[in-house]
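I have placed the structure first, in the form of structure tokens, so that the comments after it can refer back to it.
The values are calculated or read from the model by the stated rules, or taken from the named source; none is laboratory data. No experiment lies behind these values; they were computed from the predicted model shown. All Cβ positions, glycine included, derive from the backbone under ideal geometry; neighbour counts span all protein chains shown. Just the protein is used for accessible areas: all its heavy atoms, side chains included, with ligands, DNA and RNA removed. Shrake-Rupley method; radii C 1.70, N 1.55, O 1.52, S 1.80 Å.
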Amino acid sequence: MNAYVQKVYDGLKARNAHESEFLQAAYEILSSISPVFDKHPEYERAGLLDRFVEPERTVLFRVPWVDDKGQVQVNRGYRVQFNSAIGPYKGGLRLHPSVNLSVIKFLGFEQILKNSLTGLPIGGGKGGSDFDPKGKSDNEVMRFCQSFMTELYRHIGKDVDVPAGDIGVGAREIGYLYGQYKRITGLYEGVLTGKGLTYGGSLARKEATGFGLCYFLNAMLKRNGKSVEGKRVVISGSGNVAIYACQKVTEMGGKVVAMSDSNGYIVDENGINLDVVKQIKEVERGRIREYAARVPGSVYCEGCRQIWTVKCDIALPCATQNELDLEGAKALVANGVIAVAEGANMPSTLDATGYLQENNVLFGPAKAANAGGVATSALEMSQNSQRLSWTFEEVDAKLKGIMENIFASVDAASTEYGSEGNYVVGANIAGFLKVADAMMAQGAV
Ligand code: NDP
């Protein structure tokens, strides 16, 4: 590692010793962008990396709300506004009991480079709460969202910071959050993305991350003389990203044979029946195990981590961070996997990524492969500013073009910096160069 980069990483480790997820993401990014600092010694004098690793602003707040029994509950809310060099902060809100400052910082840090890769003018941010929507009534979720927005509204705005959904935040939560923002500020503006179609949402936003993942996968396979056609595919998760990845992979001629949730996974050798998954997950908010009871010939296995032992050609981790570890990577390689593309954020541990790459598995890192969601959110912002709605086909065509451009720039950067075919290095460098250039131009801020 370049001496300056190493010094910054050591300092970061000393200051944030307990933030394991943030340090994991930072190590991956800093080690891959290290060659940029060999070429640009002027970055050190400008303290560029010292500034880049520190969020511009971190907001941490109390979220009190009243449950259905009349009992007051308190959660912790976060918004990390990491970097606004190339545009207003943009990044999702996550509601999950595992949320803490380290998780939000790792997501926000990755988001800077992801947003840069889209080629659109959006900076990086992320937020959320340790609130668990699972098992809560609609009214409880509404009261939580209203309380959360009662603090958040003062830190966001259509040209300031534009949050979106993430784990635990779908159309229902975005609706409650938007309603409260509008009520407090009196403004009808595109302050959130992922909105419903009747109040400013974009067609194809719901599908965008999963579809975009498949467009990226397809470009990566094509570049290496392969295709999705006829391949066996395993997808972890059964939420927003997983469902629409499954739909697009199937349209492209692949066969999805397994999906999961945090309790376990299903295997269906006939190919997953996505209508059944959508009914269970999107309509009933149920558990994936119910699939096996409804679809003859499928089986349910308890425990989600073993999903990587299901034989496949392509694996798409679409659930959560660190869900694919070294053991999972070894099982995939032993079964002859040819490609892994990350739908979730940082789903692979560092040693799993290394193992897959050493074994010549094509590896599409999250910040490039799952950028379709935020790219389409930026398209939603454009439509809101213009007071226009584009058709599904228009948005989908733009998304496809963006994902193909992302792959091309990642591929080119990996070659330019001497790591041809290493798309982790390519994504980090391609994303970083634009942000670095903007930060240098704007002075020491
Ligand atoms: P959802 O809440 O819609 O779905 C999450 C899925 O992952 C569910 O099936 C959930 O199962 C499962 N899951 C959550 N935690 C765990 C865990 N600890 N172990 C195993 N499975 C788990 O979220 P999304 O689909 O929106 O997000 C999935 C991933 O994609 C996240 O990493 C997110 O950051 C990333 N992402 C999402 C984007 C978007 O547009 N939505 C954009 C870019 C990235 P269960 O129901 O049991 O909790």
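Quick one: would you say R51 is of a type in the set (K, R) and in contact (Cβ under 8 Å) with a residue 12 or more places away in the chain?
On the way: of a type in the set (K, R): yes; in contact (Cβ under 8 Å) with a residue 12 or more places away in the chain: yes.
Judged against the criteria, R51 is a match.
Of the conditions (1) touching a residue at least 40 places away in the same chain (Cβ under 8 Å); (2) part of a loop (DSSP other than H, G, I, E, B); (3) open to solvent by less than 10 Å² (accessible area, probe 1.4 Å), V99 satisfies every one except a single condition; which number is it?
Of the numbered conditions (1) touching a residue at least 40 places away in the same chain (Cβ under 8 Å); (2) part of a loop (DSSP other than H, G, I, E, B); (3) open to solvent by less than 10 Å² (accessible area, probe 1.4 Å), the odd one out for V99 is (1).
Looking at segment 158-176, I want the residues that are free of Cβ contacts under 8 Å to residues at least 60 places away in the same chain and have a partner that is near the ligand (Cβ under 10 Å from one of its atoms) and open to solvent by 10 Å² or more (accessible area, probe 1.4 Å) with Cβ atoms under 9 Å, at least 6 apart or on another chain. Which pairs are those?
A171/G165; A171/G194; A171/K206; R172/P133; I174/G165; I174/G194
Residues checked against (1) acidic (D, E); (2) within 15 Å of the ligand (Cβ to nearest atom); (3) within 25 Å of G135 (Cα to Cα); (4) open to solvent by 50 Å² or more (accessible area, probe 1.4 Å):
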| site | (1), (2), (3), (4) |
| --- | --- |
| G194 | no, yes, yes, no |
| G210 | no, yes, no, no |
| G225 | no, no, no, yes |
| V228 | no, no, no, no |
| K248 | no, yes, no, no |
| V256 | no, yes, no, no |
| S262 | no, yes, yes, yes |
| D275 | yes, no, yes, yes |
| K281 | no, yes, yes, no |
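Could you check how many residues of segment 117-155 are β-branched (V, I, T) and closer than 23 Å to F22 by Cα?
Step one: of segment 117-155, the residues β-branched (V, I, T) are 118, 122, 141, 150.
Now narrow it down to the ones that are closer than 23 Å to F22 by Cα: 118, 122.
Matching residues across segment 117-155 total 2.
Test V241 against the criterion of being of a type in the set (V, I, T), in contact with a helix residue (DSSP H, G or I) (Cβ under 9 Å, 6 or more places away or on another chain), modelled with pLDDT of 95 or more and open to solvent by 20 Å² or more (accessible area, probe 1.4 Å), and give yes or no.
On the way: of a type in the set (V, I, T): yes; in contact with a helix residue (DSSP H, G or I) (Cβ under 9 Å, 6 or more places away or on another chain): yes; modelled with pLDDT of 95 or more: yes; open to solvent by 20 Å² or more (accessible area, probe 1.4 Å): yes.
Here the answer is yes, as V241 does meet what is asked.
Quick one: which helices (runs of 4 or more DSSP H) lie wholly within segment 302-379 and hold at least 3 residues that are more than 24 Å from F432 (Cα to Cα), open to solvent by 10 Å² or more (accessible area, probe 1.4 Å) and out of contact with any Gly (no Cβ under 8 Å at 6 or more places or on another chain)?
Details: elements: 326-334, 350-358, 366-369.
Here the list reads 326-334.
Within the set of pairs 6+ apart or on separate chains, which have a first residue in segment 330-348 that is outside the structural domain of Q111 (by TED's automatic domain parsing) and among the charged types (D, E, K, R), a second that is open to solvent by 10 Å² or more (accessible area, probe 1.4 Å) and in a helix (DSSP H, G or I), and C-beta atoms under 7 Å apart?
If the second residue must be open to solvent by 10 Å² or more (accessible area, probe 1.4 Å) and in a helix (DSSP H, G or I), the pairs left are K330/Y355.
For the subset of segment 155-188 comprising residues that are buried (at least 19 other Cβ atoms within 10 Å of the Cβ) and of a type in the set (D, E, K, R), which member is nearest to V374 (Cα to Cα)?
Per the criteria, the residue is D166.
Look through segment 158-172, keep the residues that are within 14 Å of the ligand (Cβ to nearest atom) and aliphatic (A, V, I, L, M), and return whichever of them is nearest to the chain's Cα centre (by Cα).
Taking segment 158-172 and keeping what is within 14 Å of the ligand (Cβ to nearest atom), we get 162-172.
Next cut, aliphatic (A, V, I, L, M) only: 162, 164, 167, 169, 171.
On the way: V162: 15, A164: 11, I167: 9, V169: 13, A171: 17 Å.
For segment 158-172, the residue satisfying everything is I167.
Suppose we filter L203, L192 for residues that are among the hydrophobic types (A, V, I, L, M, F, W, C) and under 20 Å from G401 (Cα atoms); which single one remains?
Details: L192 fails: under 20 Å from G401 (Cα atoms).
Being among the hydrophobic types (A, V, I, L, M, F, W, C) and under 20 Å from G401 (Cα atoms) holds for just one of L203, L192, which is L203.
Within segment 382-391, track down each residue that is of a type outside the set (D, E, K, R) and open to solvent by 30 Å² or more (accessible area, probe 1.4 Å).
First, pick out the residues of segment 382-391 that are of a type outside the set (D, E, K, R): 382-386, 388-391.
Correct list: S382, S385, Q386, L388, S389, W390, T391.
Any idea how many residues of segment 223-238 are in contact with a helix residue (DSSP H, G or I) (Cβ under 9 Å, 6 or more places away or on another chain) and either touching a residue at least 60 places away in the same chain (Cβ under 8 Å) or not in a loop (DSSP other than H, G, I, E, B) (or both)?
Looking only at segment 223-238, we keep the residues that are in contact with a helix residue (DSSP H, G or I) (Cβ under 9 Å, 6 or more places away or on another chain), and these are 223, 226-228, 231, 233-238.
After this cut, where a residue has to be either touching a residue at least 60 places away in the same chain (Cβ under 8 Å) or not in a loop (DSSP other than H, G, I, E, B) (or both) as well, the list is 223, 226, 228, 231, 233-237.
The qualifying residues number 9.
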